[in-house]
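The values are calculated or read from the model by the stated rules, or taken from the named source; none is laboratory data. The structure displayed is predicted, hence computed values, not measured ones. Virtual Cβ from ideal backbone geometry, glycine too; neighbours counted across all protein chains shown.
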């Protein structure tokens, strides 16, 4: 569904009426209402305070939702502003926080935003149009509808927790606004229709009343169904035309009809069975089978359960006749000609839909249940007044819905058929839209949009289909759970080992206090100021760069949770964890909004998001690990990453991590390096004291190491690389060696010097010398021949042929039988495979050149020791 | 290192004298050999402990098994896995992914294979859906979701580990090692390679994430252990069905191993290589001569087999050449001697050959130029000569520069054995000057 956004539709905004009041201090005028006239539409939209509106945002499909509090402009009249109360869409709540909700959010659900720091002044130019917002009790299930135009509020969101929202906050504001909030339905192109209808009004009147008599119940249901199956119009073409033309709204007549017809419930169903049996097999009706899985499920329900929805439907229809409630639209109609149209449209569409509904209901009895389920939304559309009574009604409905879910599992076979039909239906829908363009009401147009979308909603069903290889759309990435629980560490050494594993998250990060503080204050200040910035962090591997940033984020998150700083959104990407630098966009977008897109599209969306002056509610903190991997020839990925934070409205903080200190100078072109800025930090390799402290803090009083042993490890590692990972790995290995060597009871059970030495030897000693010692006689001879030949030539390279001559001579010297060339080549290849020798490709045979990969001294040492 | 049981199954009993008996040789990896006991047992225990902790305690680990070809790296891993999977706790939990650097030549294929073997949810049947990027994201997400206590540990075995280090950016290795160093799904990454310098291939950040555990599997045994291995591998087990035959056979093996000439032949093999694969090749050649009529291995068999194994492949090829081709080879050898290994072309070789003919003055070897050309091309096809790298294909064939791929010793050896080699040709070859 596309909203009208400015690039496509030109809008004009102006105040209606005189200013209500003047604020001397701020020199602003308050206004009572705003008029938005859209190009191509004769009738303007009117926005008044207390009304819910959509505000242009980053995402075209999901504009921001807000409630107008106040409208004001400055003296010159150039600036037109609105003070709003924000509502948060599901997509705007951080994914991590959605868990707090404890249930699946409804796509149309919004939350009353009560958090702090939010720019509540917006330019009126960013207002798109009004929207309907309904308050639901927290216990009430959501009405089941594809309607994109109604939002539901149950809870409030203060960026930390969800709370039950007071209905007064939403609803009381909503009621008085209802006349204008219904406007959106009429906005796009109802005018023509109403003109039509006015002329043929009387002619079709009697016909329509007749229809109404027949098509009795629950207009909501029928409307819904019709919207799903617009092609229905072609079946019952003439009737529909006549009814569409019937523009007379007589709610009292309606009332009467409903009243009279509601008690004999099954009556209309049996009535219509005959004509539709024919239609049942017709290709056109297939479109309606979209709802099949649920209807089949219903068929299997016991009759008692079938009755329940029927009952509730009946209740509903009686309830709908509540005179006091029905009155309201009527009175409004008298006052406002524009609203007349809406009201007319409402009533007009209902009979049409009734026909469709009865068609369906005769196809399958179970359709009744479906319709009753769908009815709720449409009721909401039709008469907001019913809202309060909706609660009880839906409670009743819940169990049967459960049944539905349960049953739908069995319908896997039908799923495929359904999927196939979906596409067919889409085509039909398109066709239908083309031919029946005249009858298209704005609402039905929206419905068809949502209809084409529906196949995506049940990918799970497709996935469990047996046999058919289909792309699994929403496969959840997961590793199966283990059947047996993990065993807990049994002794001190095992406990120490678990603590020393690099993956175990320490309570605190010792030795990086200064860096922690710097990063913390940098990010914190940016979050508090609501600005953006970049930081470059460098350091050799294993110096705690990523760990420190994560720790900072944990602390900031905690601070945000206890309300010390505004909330923020933390995203992490890693250059090594993507296949291509441009995938960075995809991952960022997915983390931000959950959307999936191609790299180009994602880049465009992100660009729009960060460059648009739309009010942003949260700072985003982006961690880019292994930055050097994001290098491309044009460097546009890096350019964008560093350019966004400089945008005024982006509120983006970018922390980048790489290994080399001079990366910006080495690989970045000037405009990228300049945007990265000079906020840099370098993590020095750990000193031996720091390494020791790290181990101690990890062990946390588990006494497993001797003091000296620890010191040896940390000194050794500090001298070699200062890599904390190495240090921990060596300690872990040492505990293993200790465990195996505690055969003699005299040992203390602690990891001592000898164990650490052994571990160090294992990890750091080169295997070349042992490998030469373990090589076979001929291999050793060959190495000697290589050295001899090198000495003879004075070069560090020789061909195999040359070496082989030396080898033969050495063999004779050693009293061994000389080997053949093939054998010699095999020996040479074996040494080459171990990389003791470096060889040319073996296809060169005796001509291949040979080099040593070890120093000559090492070879001689290894051979002499023999 | 495996112990080989060569099992003989005589389909018909010897009493019936049926000729259609066949010998079946079963290679079965059984218990650990006594050779290299200390090193191997230590390595075995280390690896077993490591994998057991991964499987049972959900500890992430990474280890490399390094050793020359034929040292028993894969066998070690298989044995450890077999032992490990006998434990019920490990068997129920451990997921295994086996990759080979020669098969999964890039990360895209490797990722698909991992996903397929793990049977994640984007696998339907045998197909993995999604692009490379999606697959990577999916796998990482899957691994990230798991944690130490609840998800099944995954064992990644990367055969020919060094080849994975050549993949672009070493993405796969980085991610595997990164998972092994973070609180995600427990994984055990076991790399198997024969390159001693494998750690130098890893990028700095990949190397840092690797735990630096290396198990070096080097064959550090002496000849007596080698001989012992030969004996045990040829012996029949005690539970062999035909007891009498097994006893006869084992005693014959015993005498065989004590034979001086056999010992010498084995010593030669041992000197050449400690690789068990080549030993198995030798023993297999001996065993294939065993039949119903000759139910034991004689020392001569082993010597024959040894000769077969050690003979020179190129020299053997020379035996099949015509006299003309042989003459050309000899001419090339002389050219090589004169010009110290500089490349030659057909014309030079032909001239050298003509000089020889003039001296002899009998027209026995007087060949037309095209015939010589054909012979020359045949030599090239046999890869006894090969064109010099970088010589353009445009040059005429007569003038294309070539190199001889044979050593002098090979030529001389071939001439010695060449059937009915003319004496003058032999003399020409032996003579110092062309």
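Some notes on this structure:
- Scan of the stretch A:500-533 for residues that are closer than 17 Å to residue A:683 by Cα and touching a strand residue (DSSP E or B) at 6+ places or on another chain (Cβ under 9 Å), ordered by number: A:512, A:515, A:518, A:519, A:522
Yes/no per residue for (1) touching a residue at least 40 places away in the same chain (Cβ under 8 Å); (2) touching a helix residue (DSSP H, G or I) at 6+ places or on another chain (Cβ under 6 Å):
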site	(1), (2)
B:56	no, yes
B:62	yes, yes
B:89	no, yes
B:114	yes, no
B:117	no, no
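- Just one of the listed residues (B:367, B:399, B:376) is surrounded by 14 or more Cβ atoms within 10 Å (Cβ to Cβ) and within 15 Å of residue B:344 (Cα to Cα), and it is B:376.
- Of all the residues in the stretch A:585-600, those that are assigned to a helix (DSSP H, G or I) and within 14 Å of chain B (Cβ to nearest Cβ) number 9.
- Residue tally, condition without any contact (Cβ under 8 Å) to a residue 40 or more places away in the chain and touching a strand residue (DSSP E or B) at 6+ places or on another chain (Cβ under 6 Å), over the stretch A:840-852: 1
- Residue match in the stretch A:116-138 (condition: within 20 Å of the chain's Cα centre (by Cα) and at pLDDT below 80): no
- Selection count where residues are within 11 Å of chain B (Cβ to nearest Cβ), free of Cβ contacts under 8 Å to residues at least 12 places away in the same chain and within 15 Å of residue A:788 (Cα to Cα), scope the stretch A:806-820: 1
- Against the test of being surrounded by 21 or more Cβ atoms within 10 Å (Cβ to Cβ), at pLDDT 90 or above and touching a strand residue (DSSP E or B) at 6+ places or on another chain (Cβ under 8 Å), the options A:630, A:589, A:606, A:676 yield a single qualifying residue, A:630.
- Filtering the stretch A:837-847 to residues that are within 7 Å of chain B (Cβ to nearest Cβ) and buried (at least 18 other Cβ atoms within 10 Å of the Cβ) leaves A:845, A:846.
- Subset of the stretch A:629-639 that is in a helix (DSSP H, G or I) and within 13 Å of residue A:669 (Cα to Cα) - its residue that is farthest from the other protein chains (Cβ to nearest Cβ): A:639
- Checked against (1) touching a helix residue (DSSP H, G or I) at 6+ places or on another chain (Cβ under 7 Å); (2) crowded, with 22+ Cβ neighbours inside 10 Å; (3) more than 7 Å from chain A (Cβ to nearest Cβ), residue B:143 passes all but condition (3).
- Some residue of the stretch A:555-568 being within 26 Å of residue A:591 (Cβ to Cβ), within 9 Å of chain B (Cβ to nearest Cβ) and in contact with a strand residue (DSSP E or B) (Cβ under 8 Å, 6 or more places away or on another chain): no
- Reported count of residues in the stretch A:505-521, each being without any contact (Cβ under 8 Å) to a residue 24 or more places away in the chain and not in a loop (DSSP other than H, G, I, E, B), is 4.
- Test result for residue A:859, touching a helix residue (DSSP H, G or I) at 6+ places or on another chain (Cβ under 6 Å), more than 12 Å from chain B (Cβ to nearest Cβ) and either buried (at least 16 other Cβ atoms within 10 Å of the Cβ) or part of a helix (DSSP H, G or I) (or both): yes
The rows are residues; the columns are (1) away from every other protein chain (no Cβ under 14 Å); (2) modelled with pLDDT under 90; (3) within 30 Å of residue B:262 (Cα to Cα).
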residue: B:292; (1), (2), (3): yes, yes, yes
residue: B:296; (1), (2), (3): yes, yes, yes
residue: B:302; (1), (2), (3): yes, no, yes
residue: B:313; (1), (2), (3): no, yes, yes
residue: B:325; (1), (2), (3): yes, no, no
residue: B:333; (1), (2), (3): no, no, no
residue: B:355; (1), (2), (3): yes, yes, no
residue: B:358; (1), (2), (3): yes, yes, no
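- Scan of the stretch B:211-227 for residues that are in contact with a helix residue (DSSP H, G or I) (Cβ under 8 Å, 6 or more places away or on another chain), in a loop (DSSP other than H, G, I, E, B) and more than 9 Å from chain A (Cβ to nearest Cβ), ordered by number: B:217
- Here the stretch B:109-121 is the region considered, the condition is being at the interface with chain A (Cβ under 8 Å from one of its Cβ atoms) and buried (at least 18 other Cβ atoms within 10 Å of the Cβ), and the residue that is nearest to residue B:167 (Cα to Cα) is B:118.
- Options A:535, A:553, A:576: the member that is within 30 Å of residue A:158 (Cβ to Cβ) and either in contact with a helix residue (DSSP H, G or I) (Cβ under 7 Å, 6 or more places away or on another chain) or assigned to a strand (DSSP E or B) (or both): A:535
- Any hit, the stretch B:271-292, residues being over 22 Å from the mean Cα position of the chain (by Cα), loosely packed, with under 15 Cβ neighbours inside 10 Å and touching a residue at least 12 places away in the same chain (Cβ under 8 Å): yes
- For the stretch B:178-195, the criterion of a residue being over 23 Å from residue A:539 (Cα atoms), away from chain A (no Cβ under 14 Å) and touching a helix residue (DSSP H, G or I) at 6+ places or on another chain (Cβ under 8 Å) is satisfied by at least one position.
- Qualifying residue in the stretch B:155-171 (condition: facing chain A (nearest Cβ under 7 Å), in a helix (DSSP H, G or I) and surrounded by 19 or more Cβ atoms within 10 Å (Cβ to Cβ)): yes
- Residue in the stretch B:187-195 that is at pLDDT 90 or above, crowded, with 19+ Cβ neighbours inside 10 Å and assigned to a helix (DSSP H, G or I) present: no
- The set of residues in the stretch A:562-573 that are over 13 Å from residue A:627 (Cα atoms), assigned to a strand (DSSP E or B) and in contact with a helix residue (DSSP H, G or I) (Cβ under 6 Å, 6 or more places away or on another chain) comprises A:568, A:570, A:571.
- Enumeration of residues in the stretch B:122-136 that are crowded, with 17+ Cβ neighbours inside 10 Å and either closer than 26 Å to residue A:486 by Cβ or more than 7 Å from chain A (Cβ to nearest Cβ) (or both): B:123, B:128, B:130, B:134, B:135
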